Amino acid sequence: MNNIGASSYPAANDRLLGGAPPDGQAVIYLRVSSTRQVERDHDQEGISIPAQRTACQRKAEQLGLTIVDEYVEPGRSALEMSKRAAFQRMLARIRDTDDIAHVIVYKLSRLARNRIDDAIVMTDLRRQSVTLISATESVDDTPVGQLMHGILATFNEYQSRESGADIAYKMGQKARNGGTIGRARLGYLNHIDRNDGRDIRTIVVDPERGPLVRLGFELVAADNLTLNQLSEQLYQRGLRTRPTTRNPAQRVSISKLARMLRDRYYLGYVTYRDEEFPGRHEPLVDPHLFDGVQAVLDARTTSGERRRVHHHYLKGILYCGRCHQAGNSGRLIIQHTVTRRRDAYTYFFCRNRQQGTCPAPYANVSVAEHAVERYYVTVSQQRITDALARLTAADTAGWTRDPVQVYRGCTDDQRQLLNHALFRQLYLADDRITNHELWPTTP
């Protein structure tokens, strides 16, 4: 989206010093429908930005007009005028100032591709006493020129609709023949085979990402990994998105992994408008593996439960101390990570971090364990005695053991039972328990 300022045209500054009168001043509007057309000389949609500019400047010179500015729309379709930023800026300038008398376009189709939009724009221009000029078509304010304008607007709409129908038909035929429409999926690459002077566009397996995509299916089917675990595992093994001109290669998002695991394209099929056809590309997974992954995903959806990321005796009782102090509720979830060097780390983090609403850092699991152990100093001997009695059905009357020592002497399973018997919630902030909620005592 470019808009070359008035300073690019000397006459724009001359008018401020008493140069060309307003009725001899013009702006030019240049547009192509896709970014690939910006510098090309010719393509199916028309002509490049530089060629359009040259034609408009030549037309202005023939009519004795002074171009004071230009509005450039690289890679914007005419179908959605509200999304054409440069076009909207041009209209706003025309409405707000009196310094423009003419708008020059290469063709009317650069301005609008249907009669309704054309009529709206023309009404707006005439209201401001601005004349539209086509560099290549005979349209003006005479009756004959207006007739030609109407015919061209109708033809442009017909051509746009016919082109859309033709593209849809060709895309459908391509899918029926097993071709891939658009950019290749993750794990594949768009490839051009050049044979006997012909360019044949095809899809090949990405040697870097393809094996990792297949591994993703295998991990879900065999190890029943959650999407979070799968994302972490594949990232550690080197799976990244393909880089683009705007974005570098990065971690594959959870949502993209979810779509990938459900996509029958990896099974060797292409889909167009809800119809499925055998594809010409090489499948990355076989039917047995694909069906196994679907069974795992369907089981999670049916049960409505998320599989535990990692078992630990503190899981389910720890909450975020920072969120609690801020008046929010944030359960701590546990994650197990394996680095490239095969080092394993387990840590707690606040669920609200996933929504970007909690700044609390990750807490190593050993830090959380020691914090809870130290917090048993606050537990009375009577309360821990009552809890042990409920858990063991043993006579604990007269016990005088220190609660911290009792906790230290428990196994992990016993600690889990004891924690849940004593506390409803424990609030962890950094390396210490800051607060708790107890179960109500039995009267």
Tell me the helices (runs of 4 or more DSSP H) entirely within segment 1-105 that contain at least 3 residues that are at pLDDT below 65. 10-14
For segment 110-153, give me the residue count where each residue is at pLDDT 70 or above and among the small types (Gly, Ala, Ser). 6
All-but-one check, LEU212 against (1) surrounded by fewer than 12 Cβ atoms within 10 Å (Cβ to Cβ); (2) out of contact with any strand residue (DSSP E or B) (no Cβ under 8 Å at 6 or more places or on another chain), failing number (1)
What residue, among those in segment 297-339 that are crowded, with 18+ Cβ neighbours inside 10 Å and among the β-branched types (Val, Ile, Thr), is modelled with the highest pLDDT? ILE317
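The values are calculated or read from the model by the stated rules, or taken from the named source; none is laboratory data. What you are looking at is a predicted structure, and each value in this text was computed from that prediction instead of being measured. Don't worry about glycine lacking a Cβ; one is built from the backbone with ideal geometry, like all the others, and counts go over all protein chains shown.
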